[in-house]
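The values are calculated or read from the model by the stated rules, or taken from the named source; none is laboratory data. This structure is a prediction, so every number in the text was calculated from the model and none was measured. When we count neighbours, we look across all protein chains shown, and the Cβ atoms used for this are built from the backbone with ideal geometry, even at glycine.
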Amino acid sequence: MAKHEHPPRIHLPRGWPRRVKSAVLHVIALGQYTVAYTRSWAVNGRVARVRLKAENDHLRQQVGLLTEEIRIKDARMKRVDPQKRPHYVPTERMAILELRAARGWSAQQTAEAFLVTAATIASWIKRVDEGGSDALVQIREPINKFPDFVRYAVQRLRALCPSLGKAKIAEMLCRAGLHLGTTTVGRILKEPPRPTPAEAAASSDRVVTAREPNHVWHVDLTTVPTGAGFWAPWVPFALPQCWPFCWWLAVVIDHYSRCAMGFSVFSRRPTSLAARTFLGTMIARANATPKYVICDKDSIFWCEDFKRWCRRKRIRPRYGAVGQHGSIAVIERFIRTMKDEGTRRVLGPQRGSTFRRALDHFFTWYNAYRPHAALEGSTPNEVYLRLQPANRRPRIEPGARWPRRSPCAGPRTLIAGQPGDRFALEVDFYGGARHLPIVSLKRAA
């Protein structure tokens, strides 16, 4: 090379600095696209080591993304003057000290993690045994007229199953024999009340009323992403709605009992023939043919082939109004419950057998153990099979001085045993899944 010779210059397009940030977003999204597509063959491989490696890689990615999310939030808080930062409430201080004990952190490490000073942590430790309502560090224990073990049972259930709301906790304990009001559970948890979404009846040009099980069925399709979402920075600003980026799911619900009759998983959007085959399988499994099938005006249902199939089966199809909110509310509410309490608790399985097993566990738990608000706390199986609801059985009364004839939280039932009986809370998990709790109460010896 000559003494004054310079390396060749790369000619960049005009105005390239204005597009660098957009290019970064495109590259990251394209990388996620590539990773999801490449990982899909591994999770479906025959070699267990390869499947385990893919799962481990997915978990590492989730940990990395959560770490970056926490870093961004901490960076925002660090820019606030320390004297102006919001204070931790007494119960949060106790939670911080518990986490410190579990992690084995020093006072300095704990202070750095929660953006306080080491002296603050030291003062919490010195005053941890203080009592009274003005204590610097407190355990979550609101005042009510129930014994301490009742409060502990409610708090423990919420700690084991954080996705449950106060109404669902009250219904589950009611089925186990302990009748508590929803407001009582809310006061124990010290949380604001959550409005329970009302399930409107499916409607079309005229109202269809379910009079018995297998009288009216709902059917619908939905997508379940294998990642956190579908967004991408390029047109059409969404990932392809097919495997390995999502699964297509068809579900059937019995309107009268809210029983989940079954599901079918597809790697891409199903055809009308696939939907008819799925419905035929559900009819054969239930050994009953519904009089009405309610669905939306999707092309796989709003077609002559589907209507002809319904006439052959002596089924009357009813369609929800286009663009009208709540026209197929029952199955839409079920799909939301399924995603909030089921599929979103599983880290995006790309392996078909894993996804189907998770769905099968959720559908069984939903029908057998999850109380339903529209059924007055009964489970779908109890209504579908005409069984006695668990919340109608004799209950446990923890108040030692509670008069036997005094009313309790609804539904009102008789007292089993003696008032003041103690009990132990037992929480099992269906299929080992932490988001599918089975609650029971056993009398203490």
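Remarks
- Residue 9 modelled with pLDDT under 80, loosely packed, with under 11 Cβ neighbours inside 10 Å and in a helix (DSSP H, G or I): no
- For segment 218-258, the set of residues classified as touching a His at 6+ places or on another chain (Cβ under 8 Å) and within 21 Å of residue 40 (Cβ to Cβ) consists of 234 only.
- When residue 53 is tested against (1) within 24 Å of residue 233 (Cα to Cα); (2) surrounded by 13 or more Cβ atoms within 10 Å (Cβ to Cβ), just one condition goes unmet, and that condition is (1).
Per-residue answers, yes or no, for (1) touching an Asp or Glu at 6+ places or on another chain (Cβ under 6 Å); (2) of a type outside the set (Phe, Trp, Tyr); (3) in a helix (DSSP H, G or I):
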{"residue": "98", "(1), (2), (3)": "no, yes, yes"}
{"residue": "110", "(1), (2), (3)": "no, yes, yes"}
{"residue": "129", "(1), (2), (3)": "no, yes, no"}
{"residue": "146", "(1), (2), (3)": "no, no, no"}
{"residue": "174", "(1), (2), (3)": "no, yes, yes"}
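- Those residues of segment 303-323 which are more than 31 Å from the chain's Cα centre (by Cα) and either part of a loop (DSSP other than H, G, I, E, B) or without any contact (Cβ under 8 Å) to a residue 24 or more places away in the chain (or both), in sequence order: 303, 304, 307, 308, 310, 311, 312, 313, 314, 315
- Residue satisfying all of: in segment 352-380; among the small types (Gly, Ala, Ser) and not in a helix (DSSP H, G or I); modelled with the highest pLDDT among these: 378
- Residue within segment 95-114 that is surrounded by 14 or more Cβ atoms within 10 Å (Cβ to Cβ) and under 27 Å from the mean Cα position of the chain (by Cα) present: yes
- One residue stands out among those in segment 246-302 that are over 29 Å from the mean Cα position of the chain (by Cα) and in a loop (DSSP other than H, G, I, E, B): the one that is surrounded by the fewest Cβ atoms within 10 Å (Cβ to Cβ), which is 287.
- Here is the figure for segment 414-445: residues that are within 31 Å of the chain's Cα centre (by Cα), over 23 Å from residue 163 (Cα atoms) and surrounded by fewer than 18 Cβ atoms within 10 Å (Cβ to Cβ) total 2.
- Lone unmet requirement of (1) in a helix (DSSP H, G or I); (2) farther than 18 Å from residue 222 by Cα for residue 336: (2)
- Of the candidates 131, 181, 177, the single residue that is on the phi > 0 side of the Ramachandran plot and more than 19 Å from the chain's Cα centre (by Cα) is 177.
- Selection from segment 410-445 of residues that are in a loop (DSSP other than H, G, I, E, B) and touching a helix residue (DSSP H, G or I) at 6+ places or on another chain (Cβ under 9 Å): 410, 411, 413, 422, 433, 434, 435, 436, 444
- For segment 83-94, filtered to residues that are in a loop (DSSP other than H, G, I, E, B) and either within 18 Å of residue 73 (Cα to Cα) or of a type in the set (D, E, K, R) (or both), the residue that is farthest from the chain's Cα centre (by Cα) is 85.
- Some residue of segment 191-208 being among the acidic types (Asp, Glu), closer than 22 Å to residue 330 by Cα, modelled with pLDDT of 85 or more and not in a strand (DSSP E or B): no
- Test: residue in segment 292-310 that is of a type in the set (Gly, Ala, Ser) and under 30 Å from residue 382 (Cβ atoms): no
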